[in-house]
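The structure appears below as C-alpha cells.
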Amino acid sequence: MAASAGDDMIMAPKKQEKREGIPRLMSAPLAIEWVGDIDGFVRLIDQTRLPSELVQIDCRDAATIWEAIKMLRVRGAPAIGITAAMGLVVGARTHESRDGLREHIHQVADYLRTSRPTAVNLFWALDRMERVADACEAETMPHEQTLALLLMEAKRIRDEDREMCIAIGQHGKELLANDSGVLTHCNTGALATADYGTALSVIFHAHEAKKNIVAYVDETRPLLQGSRLTAWELQQRGVPATLICDNMAATVMRQGRVQAVIVGADRIAANGDTANKIGTYGLAVLAKAHGIPFYVAAPSSTFDFELADGSGIPIEERDSREVTHPLGLAIAPDDVAVYNPAFDVTPAELVAAFVTEQGVIRAPYVENLAALRKDSA
Ligand code: MRU
C-alpha cells in the first residue's frame, strides 16, 4: 500500500526473513526503504511513535524528508545519511530537464544539509551524491540516466552501510566477555542504520555467538531513544536487556554489573574525539573511574578527518519543549530557562578502542585512525 506523507501504515511485525542472503537480526521492517523504481519513494519507520506503534510514513518530496530528519522520525547518524541520499533523488526528480539539473541537485542537497548539524554522515552522503551529479553533468548525461545513477548511488550507500554494520558486529563481539554486562546509550541499532546497527550490532553478534550478555540500556533523556528504541530492538532480538534511568549508570558500574560500555557516534574527529548523544561523555568519565573499558562503534562514514579534534564539531541545540514536555507532558514550570544540547564530545583519551568495519582500532589514534581515512570513500 502506498500511503503518502503523513499517512500512517501500522505494521504487524514480519517473521524473520532473509535479505540478500544474510539473515536479519530483527523481524521488524527496515527503518528506511526505497519503494519502487525511479518513480518510487522513501518509506521510513516513524521512530517518534515507537514502541507503542510501529508506523511507516512515505516521503515523496525533499520537504517531507527534511521534516522527518529534523523531527527524528528517522535518526541515528548512518540512517540520516541514507535517508538524505534517497531524499536527494526524490528532490532531484522535480526538475524535469537536463538544463539546470546539476544546480537544482546542489540546491536540494544544501537544503537537506540544514536538517541537522552534528551527524557527519548526512554531509558525507550528500557529498557523495553530488559527486555523482557532477560526473553526470561532465558527461552530458541525459536527465533520466542522471536520476537512475543517483538512485543507484543512494542504494549503494545503504548497502555499504549494512555491510559495515555486519563487520562492526563481527569485530566487536570479540571485545565482550562471556557472562558480562554491557552498558549502552541512545539507540545504535537497525533503526539507526541500514540494518543491524553499530554498538547494538556488537551486542547482537555477541548474543548470536552464544555469549551470555546482559545489556544495560540507558533511558537517554530527553527523547528516550534508549527506552523507546533500544529496549524494543533488544527485546525483538531476544537479547536480555535491563532498562535504567541515565542517573543510575554510576551505581550499576559500582555494583560490578557492567564490564564494558559501548556506544555509537555522530562524528569522530581525526584525533578520536567523539560526538555522540548527550550523556555519552559522562558515561566515559564514569567508566574510567570504575576501570571499565569504554568502546565507540562506528563506520568509516562517521569519521570527519577535516577536523583535527572535537572542538570543531557542531553541536545541535534542540527545542526546550523536549526537556520540559517529554511525550507531551509538562514536567517543569512555564518559562523556565532550558539548555538542550543534543550531543556531547567525549575526549579520545577516554576511549579504549574504536570498533570499525576495518577492525578494532586502539591508540595512538591520530596515527591509527588515519589508516581508515585511506580506505574511506
Ligand atoms: O539524536 P539522535 O537520536 O539522532 O542521536 C543518535 C545517536 O547519538 C547515536 O548514538 C549515533 O547517531 C550513532 S547511530 C548508529
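The values are calculated or read from the model by the stated rules, or taken from the named source; none is laboratory data. Being a predicted model, the structure only gives us computed values, none of them experimental. Ideal geometry is used to build each Cβ from the backbone, glycine not excepted, and the neighbour counts take in all protein chains shown.
Kindly establish whether Ile331 is assigned by TED's automatic domain parsing to the domain that holds Ala177, surrounded by fewer than 13 Cβ atoms within 10 Å (Cβ to Cβ) and either within 24 Å of Val261 (Cβ to Cβ) or modelled with pLDDT of 95 or more (or both). Here the answer is yes, as Ile331 does meet what is asked.
For segment 141-157, the criterion of being acidic (Asp, Glu) and within 16 Å of the ligand (Cβ to nearest atom) is satisfied by no residue at all. Residues in segment 172-190 that are crowded, with 24+ Cβ neighbours inside 10 Å and small (Gly, Ala, Ser) were compared, and the one that is nearest to the ligand (Cβ to nearest atom) is Gly189. If you go through segment 259-280 and keep only what is surrounded by 22 or more Cβ atoms within 10 Å (Cβ to Cβ), more than 10 Å from the ligand (Cβ to nearest atom) and in a loop (DSSP other than H, G, I, E, B), you end up with Gly272, Asp273. So in segment 86-115, with the set limited to residues that are within 16 Å of the ligand (Cβ to nearest atom) and surrounded by 23 or more Cβ atoms within 10 Å (Cβ to Cβ), which one is nearest to Leu223 (Cα to Cα)? Per the criteria, the residue is Leu112. Set side by side, the residues Arg254, Arg162, Arg237 differ, and just one is at pLDDT below 95 and of a type outside the set (Gly, Ala, Ser), which is Arg237. For segment 216-230, the set of residues classified as in contact (Cβ under 8 Å) with a residue 24 or more places away in the chain, farther than 18 Å from Tyr281 by Cβ and surrounded by fewer than 24 Cβ atoms within 10 Å (Cβ to Cβ) consists of Leu224, Arg228, listed by residue number. Across segment 237-258, the number of residues qualifying as surrounded by fewer than 20 Cβ atoms within 10 Å (Cβ to Cβ) and either more than 21 Å from the chain's Cα centre (by Cα) or within 24 Å of Ala275 (Cβ to Cβ) (or both) comes to 15.
Residues that are within 16 Å of the ligand (Cβ to nearest atom) and within 16 Å of Asn121 (Cα to Cα) number at least 1 in the following strands (runs of 3 or more DSSP E) confined to segment 287-377: 294-297, 343-346, 353-356.
Quick grid of which residues meet (1) within 14 Å of the ligand (Cβ to nearest atom); (2) in a strand (DSSP E or B):
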| site | (1), (2) |
| --- | --- |
| Asp37 | no, no |
| Leu44 | yes, yes |
| Leu50 | yes, no |
| Glu53 | no, no |
| Ile57 | no, yes |
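Is it the case, given these coordinates, that Leu234 is assigned to a helix (DSSP H, G or I), crowded, with 18+ Cβ neighbours inside 10 Å and within 12 Å of the ligand (Cβ to nearest atom)? In short, no.
Residues in segment 191-217 that are touching a Lys or Arg at 6+ places or on another chain (Cβ under 9 Å) and under 23 Å from Leu327 (Cα atoms) were compared, and the one that is nearest to the ligand (Cβ to nearest atom) is Ala192.
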